[in-house]
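Just so it is clear, none of the values below were taken in a lab; they were calculated from the coordinates. All figures in this text were calculated on a predicted structure; none of them were measured in a lab. Note that we place each Cβ from the backbone using ideal geometry, even for glycine, and neighbour counts take in every protein chain shown.
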Amino acid sequence: MTVASSDYVTIYEPKTKVDLTKFLENQQFRLFFASNTIIFLFSHHFFIFPCFRFDCVFDDSSSNEIVYKYTARNLVHSIFEEGMATCFAYGQTGSGKTNSMGGEFKGKNQDCSNGIYALATRDVFQQLNSSKHSDKNLVVSCSYLEIYGGTVFDLLSGKSKLKVLEDGKQQVRLRWLQFYFRQRCSGINFAQIQFIFPLL
C-alpha cells in the first residue's frame with residue numbers, strides 16, 4: 001500500500017495469471033471522510049465503510065525509530081511524570097510484530113538494538129540518569145512475557161510457561177513471572193542496549 005497524499009491510497013494486490021505468473025494489481029482509491037464514515041471512490045463506484053481514525057499510520061518503508069518516535073516514546077516520558085503506560089503489538093502472523101518490537105532482521109539475524117524494546121529501554125535509562133530524575137531514587141523493574149496461542153511464556157526465564165491465576169480481589173496474576181530490578185544503569189551505550197534485559 002502506498003499513501004500518495006492525504007486523500008489517495010494505492011493498494012497493491014498480489015494476483016496469479018492463468019499461466020501461473022505472479023503480478024501485482026494496482027488499485028487506486030480516493031478517500032472522502034464524512035461523519036464517522038469513509039467513502040472510497042474506485043472506478044466511479046462509491047463504497048461506504050465505518051471510519052477508524054488513527055494517530056499515525058506507517059507503511060513498510062518506515063523504520064523502527066520512526067514508529068517508536070510516534071508511538072511509544074511519549075509513553076516512556078509519561079511514566080516519569082507519574083503516569084502508567086503499556087505498549088504492545090497486536091496483529092496477524094507475519095504482520096511485523098517481532099520486527100517492530102524486537103528489532104529488524106537482516107537475513108536470519110535480528111538486530112535487537114533497533115527494536116521498540118531496546119529504544120524504550122534506552123530512553124528509560126537516559127531519563128533515569130538525567131539530572132531531572134537522578135535524586136528521586138527511582139527503580140526500574142522489568143518482566144518480559146509473550147502470549148502465544150493462549151499460553152503465556154516468561155521470556156526472561158528460558159521461555160518457561162506461566163500459570164494465569166486470579167487472586168481474591170479478582171486481579172489477574174501470573175505465577176512464576178520473574179522480575180528484574182535495577183536502580184541505575186550508567187555507562188550503557190546504545191550498542192549495548194540489546195543486552196539490557198539480562199543485566200536488569
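The aspartates and glutamates whose alpha-carbon is closer than 18 Å to the alpha-carbon of LYS132, local same-chain residues fewer than 8 away aside, are GLU81, GLU82, ASP123.
Sparsely packed loop sites in the range 92-190 (the GluC sites (Glu not before Pro) outside DSSP H, G, I, E and B with at most 13 other Cβ atoms within 10 Å) do not occur.
Close amide H partners of SER160, meaning residues 5 or more places away or on another chain with modelled amide H under 5 Å apart, are ASP154.
Here the simple spin-label model places points 7 Å from the Cα toward Cβ, and for THR21 and PHE58 these points are separated by 3.6 nm. On full extension, the segment bounded by ARG175 and TYR70 gains 34.4 nm, given 0.36 nm per residue less the C-alpha separation.
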